[in-house]
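The values are calculated or read from the model by the stated rules, or taken from the named source; none is laboratory data. This structure is a prediction, so every number in the text was calculated from the model and none was measured. Note: ideal-geometry Cβ built from the backbone for every residue, glycine included; neighbour counts use all protein chains shown. Ligands, DNA and RNA are stripped out before the accessible areas are found, and what is left, the full protein with its side chains, is counted by its heavy atoms. Shrake-Rupley method; radii C 1.70, N 1.55, O 1.52, S 1.80 Å.
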Amino acid sequence: DVSGRGLSLPQPRLATETVRGMDVEVRTRGVLSEGGGLRIDDLSFTFGVFHVAGSGILEQQRDHARAAFQFELPSTSCQSLLESVPTALLPQLQGTRWTGAFGARGRFSFDTRSLDDLELSYDVQDQCRAIDVPPALARERFKQACSHHIYLPDGSTTEQTVGPGTANWTPLDAISPYMQLAVLTTEDGGFPHHRGFNNAAIKASIIANLKARRFVRGASTITMQLAKNLFLSRDKTLSRKLEEVVLTDYLEQVFSKDELMALYLNIVEYGPAVYGITAASEYYFGRTPAELDLAECLFLSSLLPSPLRYGAMRDLEQVPERWMRGLHNLMRIQKKRGLISDAELEEGLAQSISFWHGGERPPPRPAVHQRPIGEPDDDSGVAPEPPTDAP
C-alpha cells in the first residue's frame, strides 16, 4: 500500500509546469515468482476521484513473454474527474464545465509468440458533454477568421490567420474530392464512422510496436491530429496526451464530420511553413485545391507523417520513381476498398507529378467534379503505411 496527499512533482515528462496537489493511492496484492512471473490478484489505483481496479499476470521467459490484464473504472461524474486532476495536467481545459458520467472496463492480453492474436477489448461509457468552454475552444471561433500557432522550420512559432473568408481557407466543396479520399486512405480510414478514436488502428499500432520492440506506429485519427494542431503544443508530455484525448472527444461533439474534415485540410502542415491545402496546392503545384488530381492529392497526404522531411522532394523536378510506386500502391488500396472506380485507378496510374518552382504557372485544369465519397469495403479503418525513404 502506497499513498500520498498534496504531492508536487516537477517532471518534464508529465507536464511543462510542476504538477501540484496530487492525491494518489495505490494498493496491490499478488505474487512475484523467482522465475520472473508476476500475478496481480488485486490492484487499486486512485487519483483524486479517478479510481481504477484491475488484475492480471505477466510471465517472462528467455524466448517469449505473455501478459493478460483486465481493468474497470466505475462510472464517475465527468466534472468531478476534471476537477480532481491538477491544473498543470489539463491547462487548456481550465474553465470548462461538463455534464454526464464516464466509466470503462476492458481486457488486454498478448503472447509474443503469436502477437497477431493480441486481444484488446474495452467498453467505454462516455456520457461527458461540454456545457461551457472558454472562447479559445468555442465552436464559434472557427466559423470566422481566427489565428492559431504554427511552427516554422527553425522550431520557432508564429500565428497564422485562417477560417472562412480568409486567403488561407478553401471551403470543402472547393477542394478536389480526391483529397478527402487521400487522407481517408493514408491517415484514418475509419474517420466517417468512429467518434474520434479508431479501435482497430489502436490494436494494429500496439501489435506493430510490440513486434518492433520500439515505437514505430501511432494510431492518431484525423480528429486527434486536428485537436493537436488547433489547441496544443508539440511537447511530448503526459499532459498533452491527456488534453488531446479530452479535446478529441469535444471536437466530435460540436462539429460535423464535414466540418472536421474542412478544418483538418485547411490547417494541417504539408511542408516547411506550408499550412493548409490552399498553401500546399500553390507551393507544390502552382494550382488551386479544386484542380488537384488523384496522384497529387495522394502525394500531399503522403507528406503528413513527416512534412519537413518529405517536403524536401519539392527541390526535384518530379516525384521520384520509388515514391510514385508507393502512391500507385495506395491507389490500388483505394480501389480495393471501393473508394475509386476502375477508370479512376487507370487514370491515376497514368498521372505524373511535376513540381512548380515559381514563375509561369502550369496550364489551368477544370475543377475536379464533386463525387460521392466512398466508404471502405472493409471495416478495419486502419490506414496503410505511407511511402517511405524520401530523399
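When only residues in the range 27-49 that are under 30 Å from SER233 (Cβ atoms) and part of a strand (DSSP E or B) count, which is modelled with the lowest pLDDT? Steps first, answer last, please.
If we filter the range 27-49 for residues that are under 30 Å from SER233 (Cβ atoms), which is where we start, we get 45-49.
Filter once more, so that each one left must be part of a strand (DSSP E or B): 45-47.
Working: PHE45: 95, THR46: 95, PHE47: 91.
Checking each candidate, the answer is PHE47.
ALA53 - would you say it is surrounded by fewer than 16 Cβ atoms within 10 Å (Cβ to Cβ) and over 27 Å from the mean Cα position of the chain (by Cα)?
On the way: surrounded by fewer than 16 Cβ atoms within 10 Å (Cβ to Cβ): no; over 27 Å from the mean Cα position of the chain (by Cα): yes.
No.
Considering only the range 8-28, state which residues are farther than 16 Å from PHE50 by Cβ and open to solvent by less than 50 Å² (accessible area, probe 1.4 Å). Spell out how you get there, then give the answer.
Filtering the range 8-28 down to residues farther than 16 Å from PHE50 by Cβ leaves 8-13, 15-18, 20, 28.
Selection gives ALA15, THR18.
State the number of residues belonging to the range 316-363 that are touching a residue at least 12 places away in the same chain (Cβ under 8 Å), under 22 Å from VAL274 (Cα atoms) and of a type in the set (D, E, K, R).
Selection size over the range 316-363: 2.
Among the residues in the range 168-177, are any more than 23 Å from the chain's Cα centre (by Cα), surrounded by 15 or more Cβ atoms within 10 Å (Cβ to Cβ), of a type in the set (Phe, Trp, Tyr) and farther than 30 Å from THR16 by Cα?
Checking the range 168-177: not a single residue is more than 23 Å from the chain's Cα centre (by Cα), surrounded by 15 or more Cβ atoms within 10 Å (Cβ to Cβ), of a type in the set (Phe, Trp, Tyr) and farther than 30 Å from THR16 by Cα.
Inspect the range 38-46 for any residue being surrounded by 14 or more Cβ atoms within 10 Å (Cβ to Cβ) and farther than 30 Å from ARG240 by Cβ and give the result as yes or no. Step through it out loud before you land on a result.
Step one: list which residues in the range 38-46 are surrounded by 14 or more Cβ atoms within 10 Å (Cβ to Cβ), which gives 38-40, 43-46.
Filter again for farther than 30 Å from ARG240 by Cβ, leaving 38-39.
Yes, the range 38-46 contains at least one residue that is surrounded by 14 or more Cβ atoms within 10 Å (Cβ to Cβ) and farther than 30 Å from ARG240 by Cβ.
Before we move on, is ASP117 open to solvent by 30 Å² or more (accessible area, probe 1.4 Å), over 27 Å from THR96 (Cα atoms) and touching an Asp or Glu at 6+ places or on another chain (Cβ under 8 Å)? Lay out the reasoning, then the answer.
On the way: open to solvent by 30 Å² or more (accessible area, probe 1.4 Å): yes; over 27 Å from THR96 (Cα atoms): yes; touching an Asp or Glu at 6+ places or on another chain (Cβ under 8 Å): yes.
So ASP117 passes the test.
Taking the condition open to solvent by 50 Å² or more (accessible area, probe 1.4 Å) and either part of a loop (DSSP other than H, G, I, E, B) or of a type in the set (Val, Ile, Thr) (or both), does PHE191 pass? Lay out the reasoning, then the answer.
Details: open to solvent by 50 Å² or more (accessible area, probe 1.4 Å): no; either part of a loop (DSSP other than H, G, I, E, B) or of a type in the set (Val, Ile, Thr) (or both): yes.
When the stated conditions are applied, PHE191 does not pass them.
Could you list, in sequence order, all residues of the range 124-145 that are open to solvent by less than 50 Å² (accessible area, probe 1.4 Å), aliphatic (A, V, I, L, M) and not in a helix (DSSP H, G or I)?
Selection gives ALA130, VAL133, ALA138.
Only one of these conditions is not met by PRO153: (1) in contact (Cβ under 8 Å) with a residue 24 or more places away in the chain; (2) open to solvent by 50 Å² or more (accessible area, probe 1.4 Å); (3) over 29 Å from ARG287 (Cβ atoms). Which number is it?
That leaves (3) as the condition not met.
Can you run down the residue pairs with Cβ atoms below 9 Å, 6 or more apart or on separate chains, where the first is in the range 136-150 and within 13 Å of GLU259 (Cα to Cα) and the partner is part of a strand (DSSP E or B) and open to solvent by less than 20 Å² (accessible area, probe 1.4 Å)?
Note: pairs meeting the criteria are PHE142/VAL162.
Of a type in the set (Asp, Glu), in contact (Cβ under 8 Å) with a residue 40 or more places away in the chain and over 25 Å from ASP126 (Cβ atoms): does that describe ASP188?
no
Of the conditions (1) among the small types (Gly, Ala, Ser); (2) crowded, with 17+ Cβ neighbours inside 10 Å; (3) out of contact with any strand residue (DSSP E or B) (no Cβ under 6 Å at 6 or more places or on another chain), GLY163 fails just one. Which one is it?
Result: GLY163 passes all but (3).
Mind checking which residues of the range 225-261 are open to solvent by less than 50 Å² (accessible area, probe 1.4 Å), among the hydroxyl-bearing types (Ser, Thr, Tyr) and more than 12 Å from LEU137 (Cβ to Cβ)?
Once the filter is applied, which keeps residues that are open to solvent by less than 50 Å² (accessible area, probe 1.4 Å), among the hydroxyl-bearing types (Ser, Thr, Tyr) and more than 12 Å from LEU137 (Cβ to Cβ), the range 225-261 yields SER233, THR237, SER239, THR248.
If we scan the range 11-19, do we find a residue that is free of Cβ contacts under 8 Å to residues at least 60 places away in the same chain and more than 20 Å from VAL124 (Cα to Cα)?
Applying the first criterion (free of Cβ contacts under 8 Å to residues at least 60 places away in the same chain) to the range 11-19 yields 11.
Within this subset, residues satisfying the condition of being more than 20 Å from VAL124 (Cα to Cα) are 11.
Looking through the range 11-19, at least one residue is free of Cβ contacts under 8 Å to residues at least 60 places away in the same chain and more than 20 Å from VAL124 (Cα to Cα).
Please count how many residues of the range 199-219 are touching a residue at least 12 places away in the same chain (Cβ under 8 Å) and touching a helix residue (DSSP H, G or I) at 6+ places or on another chain (Cβ under 8 Å). Step through it out loud before you land on a result.
As a first pass, look at the range 199-219 and keep what is touching a residue at least 12 places away in the same chain (Cβ under 8 Å): 199-207, 210-211, 217-219.
So of that shortlist, the ones also touching a helix residue (DSSP H, G or I) at 6+ places or on another chain (Cβ under 8 Å) come out as 207, 210-211, 217-219.
The number of residues fulfilling the criteria is 6.
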